[in-house]
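Okay, structure first, notes after.
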Amino acid sequence: MTSDFQILSRLDFLEKKISLLVVETETSRRRIRELEAELAEQQMKLASQEETIQQQQQQLRQAQKKTLTAPESFTKSTNFVKIVSDNRTNTETIAELKQKLTGYIDELDRCIAYLSHLT
């Protein structure tokens, strides 16, 4: 009879343990689903950020390409001192020089504004 009692008590113990394991399993499965949902959300954010980075890199490449292919008059701007010293008396040339300088300054301002917008 004691052996039957021991068997029944062990069966009760096993039933309780199995119940606890079932509860733990369900809790673990729920947590796994939550983590999978969070992972999917983070992957979507990452994809969006990667797309944004690619767009910004493309804009940067275009801006760099623009600066490399600047107009010829803009790239020949190193002769200012020579132009100024040779043509100080000619008022038409001075007005033209001022106009070119204003154009160069405006172009520089546009480049600076564009580059500061990228960062």
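For the range 1-57, residues that are over 30 Å from H117 (Cα atoms) and not acidic (D, E) total 32. Of the residues examined, T75 is one that is in the same structural domain as A113 (by TED's automatic domain parsing), under 26 Å from Y114 (Cβ atoms), at pLDDT below 85 and surrounded by 10 or more Cβ atoms within 10 Å (Cβ to Cβ). Of the residues making up the range 37-70, those that are within 29 Å of R110 (Cα to Cα) and of a type outside the set (S, T, N, Q) are E50, E51, I53, L60, R61, A63, K65, K66, L68, A70. Across the range 53-68, a minimum of one residue is classified as at pLDDT 70 or above, part of a helix (DSSP H, G or I), exposed (fewer than 10 other Cβ atoms within 10 Å of the Cβ) and more than 19 Å from the chain's Cα centre (by Cα).
The values are calculated or read from the model by the stated rules, or taken from the named source; none is laboratory data. The shown structure was predicted, so the numbers you read here are calculated from the model rather than taken from an experiment. Ideal geometry is used to build each Cβ from the backbone, glycine not excepted, and the neighbour counts take in all protein chains shown.
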